[in-house]
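Report on the structure given below.
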Amino acid sequence: MKNRTIRYPFLIAATVAAAALVCRTAAKADEVSDWNQNMFTAVFTAKTTPLVTIRVTAMVQSAVFDAINGVHRRYTPVHVSPDAPHGASPRAAVVQAAYGILVRLYPTQQTTLDAQLAASLAKLTDEDGTLGESVKRGLTWGQYVAEQIWAWRSTDGFTPAPPPFIGGTAIGQWRPTPPGFLSGAAPQFAYMTPWAILTTVPFRPPGPPALTSIQYANDLNESKLIGRSNSVARSADQTLFSIFWNGNTAGYWNRIALQVADQNDLSLLQKAHLLALMNIAMGDGAICCWEAKYTHVFWRPITAIPFADLDGNDATMADPSWSPLLITPNHPEYPSGHSTASGACAAVLAAYFGDQTSFSLTSELAPGVIRYYSSFSAAVDEVRDARVFGGIHFRSACQDGQEMGGRVAAYVVEHSLQRINGNGN
């Protein structure tokens, strides 16, 4: 099945919040799905950046998984040993674990989170409207797990933030870019404590092509031609999917995971297992990516193209008036964060369901648009093209990021959350 797009013109003017609401209707109602979606309601309400969202989703889904796994005791945990009280409700444990993390991450949204918690608990009450002993035990266990995950990740290096990173002015070196000329985003991700991998060293990408190489010239000339704001070489669909994928990376892949999980009738525990694996792989992929970004500190197309006459490469030419289709993110170019995270997520989903799995997807940046994919790899390949066609990346950064994300995911799937006394889900 070819990738297809459906557009509903009457929805094009819808707000981001409305788009998020449309996305919420796709997943079946259960506690794991509900609180994954509640998590993204909080994320979009707070305007959490895509990078920081990856840490949020890994925290919440780790807590959810360790909470339900503590009741069933079927897998090795993310962090908290499976030791729930006998007879504890797994559904209650999931609810309280997710709430316990989110209310700490987003204290200003407590009123909304409290209402969501009350709605979940209303589904778990006895006929007389009270909470039974099983539910109470599940809530106690879920809160304990949330506290343990919170304590663990509170010392992961995310805070305190380091001094602003402003790069440099050497040829090939990243420096703040227009329009905001912001300092480099979240350099502390480069040295944060990983979730599952032991170190970033085995996953390091080869680095950007030398400025004088043929590969660099090819990369720059491609981004220059097709990534410029008014490029006539870029098709209408290429423009559309470049904008479509320019949103919150974790949001796309969690929606995909929930949709495919429901298509395959995964149990509550299996769904929690899948989401934990995927979001942890994405979290470690982001750490590996940022370690590489702040090691190579490579410049973006918006800087490289106007200064191409200084790069020592006869196959490149400067264009001082060049500007990209998309706003350039405020961090070094190599490797691509979106491609790394998407590569990690797609690899986990392919390991679970097989790559040739069909699904549809919406975007908060293209309300009313639904795109269809015949495989996880097809979606990742489109992400890779989107970053180049959007004029914010070179192709090598996207290819190397995608490959690195896949390697991180392979490690996580092989070594984390393993079935106790045997393999399988």
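Label sites at THR111 and GLN356, each approximated as a point 7 angstrom past Cα along Cα to Cβ, lie 5.3 nm apart. Overall form of segment 253-320: prolate. Here a/c, set by the Cα gyration tensor axes a ≥ b ≥ c, is 1.5 or more, and a/b is the larger of a/b and b/c.
Scan the chain and report its longest stretch carrying no trypsin sites (Lys or Arg not before Pro) that are both in a DSSP loop and have at most 15 other Cβ atoms within 10 Å. Walk me through the intermediate numbers first.
Numbers: sites that count: LYS2, LYS28, LYS47, ARG73, LYS123.
For trypsin sites (Lys or Arg not before Pro) (loop position, at most 15 other Cβ atoms within 10 Å), the longest site-free span of the chain is 124-425.
If the cut-off is 13 Å between C-alpha atoms, which aspartates and glutamates fall inside it for LYS224, apart from same-chain ones fewer than 8 positions away? Correct list for LYS224: ASP319. The value of relative contact order for segment 248-403, using C-alpha pairs under 8 Å at least six residues apart, is 29 percent.
Cross-link partners for LYS47 among the aspartates and glutamates, with Cα-Cα distance under 18 Å and sequence neighbours closer than 8 places in the same chain left out: GLU364. Among VAL413, TRP35, LEU361, pick out the residue whose Cα is farthest towards the positive end of the charge dipole of the chain, where Lys and Arg carry +1 and Asp and Glu carry -1 on C-beta, about the Cα centre. Projecting each Cα onto the dipole axis, the largest value belongs to LEU361.
Farthest toward the positive end of the dipole of the chain, out of TRP150, PRO208, TRP322, is the Cα of TRP322, where the dipole comes from beta carbon charges about the Cα centre. Rounded to the nearest 10 degrees, the inclination of helix 133-153 to the longest alpha-carbon principal axis of the chain is 30 degrees.
Given a 1.4 Å probe and the protein chains as shown, ASP219 ends up with an accessible area of around 10 Å². Dipole magnitude for segment 293-425: about 460 debye, using +1 per Lys or Arg Cβ and -1 per Asp or Glu Cβ, origin at the Cα centre. The slack between GLU147 and ALA410, meaning 0.36 nm per residue of separation minus the straight C-alpha distance, is 91.8 nm.
May I ask you to derive the FRET efficiency for ILE327 and SER154 from their Cβ-Cβ distance with R0 = 35 Å, giving the value to the nearest 0.05? Spell out each step's value before the answer.
Numbers: r = 32 Å, r/R0 = 0.92.
Given R0 = 35 Å and the Cβ-Cβ separation, E is 0.65.
Each Cα pair under 8 Å and six or more residues apart adds its sequence gap; the mean of these over the residue count of the chain is a relative contact order of 24 percent. The modelled label-to-label distance between THR193 and ASP83, using points 7 Å beyond Cα along the C-beta direction, is 1.8 nm. Computed extension gain for THR239 through THR45, at 0.36 nm per residue and net of the alpha carbon distance, reaches 67.1 nm. Length gained on full extension, GLN215 to SER229, computed as 0.36 nm times the residue gap minus the Cα-Cα distance: 2.7 nm. For a straight C-alpha distance cut-off of 22 angstrom, the lysines reachable from LYS28 (same-chain residues fewer than eight places away being disregarded) are LYS123, LYS271. Compared with the dominant Cα axis of the chain, that is its longest principal axis, helix 214-226 is turned about 80°.
Taking the Cβ-Cβ separation of ASN264 and SER183 as r and a Förster radius of 45 Å, what is the calculated FRET efficiency to the nearest 0.05? E between ASN264 and SER183, to the nearest 0.05, is 0.55.
Contact order for segment 295-351, expressed relative to its length and based on alpha carbon pairs under 8 Å spaced 6+ residues apart, stands at 37 percent.
Solvent-free Debye calculation, one equal scatterer per alpha-carbon of segment 276-371: log10 I(q)/I(0) at 0.16, 0.20, 0.22, 0.24 Å⁻¹ equals -0.90, -1.06, -1.12, -1.19.
The values are calculated or read from the model by the stated rules, or taken from the named source; none is laboratory data. Just so we're clear, the structure is a prediction, and the values are computed from it rather than from any experiment. Note that each Cβ is placed from the backbone with ideal geometry, even for glycine, and that neighbours are counted across all protein chains shown. Each accessible area value is taken on the protein alone, full model and side chains, heavy atoms only, with ligands, DNA and RNA left out. Shrake-Rupley method; radii C 1.70, N 1.55, O 1.52, S 1.80 Å.
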